[in-house]
Amino acid sequence: MKWTTSQMDMYLNSKEYVDTAIIPLIPLDWKEDPKGKVSMGEFSSILVEEVERQFKGRVFQLAPFTYLSTEEENSRLERLVSWDKHFYDNGFTHIVYITSDGVWKRVEKDLPDMLIWIPSLSLESMDDTYAKEIISQQMKQILPLITAKWQEEPKERQ
Amino acid sequence: MSEKEHKVSRRQFLTYTLMGVGGFMVAGAISPMVRFALDPALQAGGETEFVSVATVDDLTDEPQRFDFQLEIEDAWYTSEQSRTAWIYKDGNDIVALSPVCTHLGCTVNWEGSEDHPNQFYCPCHFGRFEKSGQNVAQTPPTRPLDLYEIEVRDGVVYLGSIIQRRSV
Ligand code: FES
């Protein structure tokens, strides 16, 4: 389900079936390689949209978690942990962070739940069919990670 | 509702909203209508244009997945959206099923679970459907998969709007 009021109604009517929150992690930087950052954001948004489409009835796609690339690693991490806690305490037993930004890979072990990091590919110079093929290849990697997570016990929070 | 009325009412809505308290009253008055319009059970339909999706020669007795693009116009913008259909031959007929699980809308796959050959499987809450689209009892979905309207011209399969069924 998506971050819209109409889908919120659907969520409120079927809460017990929706146990997974998806949080896109999107970097901002208007100084160092702004286009690279935009490309990361664009690529992960496409993947997140597609995950939502496949798993609409069980996942809620949250508003993106955005941060300046210059933000201190600890502060960024702390903020994400508090998002995680908020949504975990309020009904989501599985939380999946999806990003193309490699900085999260470094702190993966400090994250409370599952990180999916997919390096961004530039889709802009590709023709449509090829771009779709790339995305569907990525989906073949991502979807099984999430269904496998559903087989496991939710991660304990501290 | 004609496009013209539509635009006016949208503008009015914004105007009233900007006016403050009046806006709330108006929003209150129209929200039941909006809710009604967005009820997921009623969301389908409305697209009458047919899109070419496959050729008859591509089809077999086994449901195969075909992806295609649709132009969708909603209140705020027009966008290209991907759609999928599971299509197969049933004697002389062609069947095109929507992959959208009738429980809460996840995408189902033909033989998506090894434990359930010859069925469509929904990974979200383990909903299942027979080849005909009939929902399997004791799984969450309560109605069959939707059908696409089909037209065949010169060996090409065109799909149109979604048809909902209470039963197969
Ligand atoms: S969305 Fe398919 S079983 Fe719930």
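Couple of notes before you dig in:
- Output for segment A:61-112, where each listed residue is surrounded by fewer than 20 Cβ atoms within 10 Å (Cβ to Cβ), of a type in the set (S, T, N, Q) and closer than 22 Å to residue A:34 by Cα: A:66, A:69, A:70, A:75
- Close pairs (8 angstrom Cβ cut-off, 6 or more residues apart or separate chains): in contact (Cβ under 8 Å) with a residue 60 or more places away in the chain and away from every other protein chain (no Cβ under 14 Å) in segment B:114-133, within 15 Å of the ligand (Cβ to nearest atom) and hydrophobic (A, V, I, L, M, F, W, C) anywhere: B:131/B:120
- Sole residue being away from the ligand (no atom under 16 Å from the Cβ) and more than 11 Å from chain A (Cβ to nearest Cβ), chosen from B:146, B:90: B:90
- Residue in segment A:24-39 that is acidic (Asp, Glu), in contact with a helix residue (DSSP H, G or I) (Cβ under 8 Å, 6 or more places away or on another chain) and either farther than 20 Å from residue A:4 by Cβ or more than 14 Å from every other protein chain (Cβ to nearest Cβ) (or both) present: yes
- The single condition among (1) more than 13 Å from chain A (Cβ to nearest Cβ); (2) in a strand (DSSP E or B); (3) more than 16 Å from the ligand (Cβ to nearest atom) that residue B:49 does not meet is (2).
- Of the strands (runs of 3 or more DSSP E) entirely within segment A:1-109, those holding at least 2 residues that are over 19 Å from residue B:123 (Cβ atoms) and touching a residue at least 12 places away in the same chain (Cβ under 8 Å) occupy A:20-28, A:65-68, A:94-99.
- If the condition is being of a type outside the set (S, T, N, Q) and surrounded by 12 or more Cβ atoms within 10 Å (Cβ to Cβ), then segment A:120-132 contributes A:121, A:123, A:126, A:131, A:132.
- Filtered by the rule that a residue be surrounded by 14 or more Cβ atoms within 10 Å (Cβ to Cβ) and within 14 Å of chain B (Cβ to nearest Cβ), segment A:148-158 gives A:149, A:150.
- Scanning segment B:101-130 for residues that are touching an Asp or Glu at 6+ places or on another chain (Cβ under 9 Å) and near the ligand (Cβ under 8 Å from one of its atoms) turns up just one, B:102.
- Filter pass, residue A:116 being part of a strand (DSSP E or B), touching a helix residue (DSSP H, G or I) at 6+ places or on another chain (Cβ under 8 Å) and surrounded by 15 or more Cβ atoms within 10 Å (Cβ to Cβ): yes
- Flag if residue A:77 is modelled with pLDDT under 95 and closer than 23 Å to residue A:28 by Cα: no
- Some residue of segment A:41-60 being touching a Ser or Thr at 6+ places or on another chain (Cβ under 7 Å), away from every other protein chain (no Cβ under 14 Å) and surrounded by 18 or more Cβ atoms within 10 Å (Cβ to Cβ): yes
The values are calculated or read from the model by the stated rules, or taken from the named source; none is laboratory data. Keep in mind that what you see is a predicted model, and the values were worked out from it rather than measured. Reconstructed Cβ throughout: ideal geometry from the backbone, glycine too, with neighbour counts over all protein chains shown.
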